[in-house]
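What follows is a single structure, written as structure tokens, with notes after it.
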Amino acid sequence: MYAIVDIAGQQFKVEAGNEIFVNRLAAEKGAAVEFNKVLLVEADGSVKVGAPYVEGAVVKATVLDDSCKADKVLVFKKRRRKGYQKLNGHRQYLTKLQIVEIA
């Protein structure tokens, strides 16, 4: 059984027991969160597609870590023949979730 759920503006394919990284949520470590923006649910070969969301479908998850960071993204800017070079780095804060169940 899997579902496609909209979390913080991004779509994720989740199954019970999966661990996923999402953009930072306002939830503390160990908190239980529910997502009701479920776009698709597959169970035993039958697929339910929402318009836009599946009625009554909820994905329940727990927060494993609320302040982990993604890999560094380097932004390099250069103007040729002008002597201009600039290097910036950025690490996005993420929230690590473990999917408990799809109901």
Using a Förster distance of 22 Å, the FRET efficiency for residue 2-residue 31 (Cβ separation, nearest 0.05): 0.40
Reachable lysines from residue 82, criterion Cα separation under 25 angstrom, eight or more residues apart if same chain: none
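With respect to the cross-link table entries 29/77; 13/69; 72/96; 29/86; 37/86; 37/77, which display a Cα-Cα separation exceeding 29 Å?
Values: 29/77 37 Å; 13/69 21 Å; 72/96 17 Å; 29/86 37 Å; 37/86 41 Å; 37/77 38 Å.
Where the Cα-Cα span goes over 29 Å, the pairs concerned are 29/77; 29/86; 37/86; 37/77.
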Cα-based radius of gyration of the chain once divided by 2.2 N^0.38 Å, which approximates compact folds: 1.44
Cβ-derived FRET efficiency at R0 25 Å, residue 53 paired with residue 98, nearest 0.05: 0.65
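Could you work out the equivalent-ellipsoid semi-axes for the range 34-76, taking the square root of 5 times each eigenvalue of the Cα gyration tensor, largest first, in whole Å?
Its equivalent ellipsoid spans semi-axes of 31, 15, 11 Å.
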Efficiency of FRET from Cβ geometry, residue 71 and residue 42, R₀ 41 Å, rounded to 0.05: 0.85
Nitroxide proxy distance, nm - points 7 Å out along Cα→Cβ at residue 88 and residue 11: 3.0
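Could you tally the net charge around residue 64, taking each other residue with its Cβ under 9 Å from the Cβ of residue 64, Lys/Arg +1 and Asp/Glu -1?
It works out to a net charge of -1.
With the contact rule set at Cα under 8 Å and sequence spacing of 6 or more, what percent relative contact order holds for the chain?
On the way: 238 pairs, mean separation 34.1, N = 103.
Result for the chain is 33 percent.
Bear in mind these aren't lab numbers, they're just calculated from the coordinates by the rules spelled out. Please read these numbers as outputs of a predicted model, since none were measured by experiment. Cβ coordinates were reconstructed from backbone atoms using ideal geometry, including for glycine residues, and neighbour counts include every protein chain displayed.
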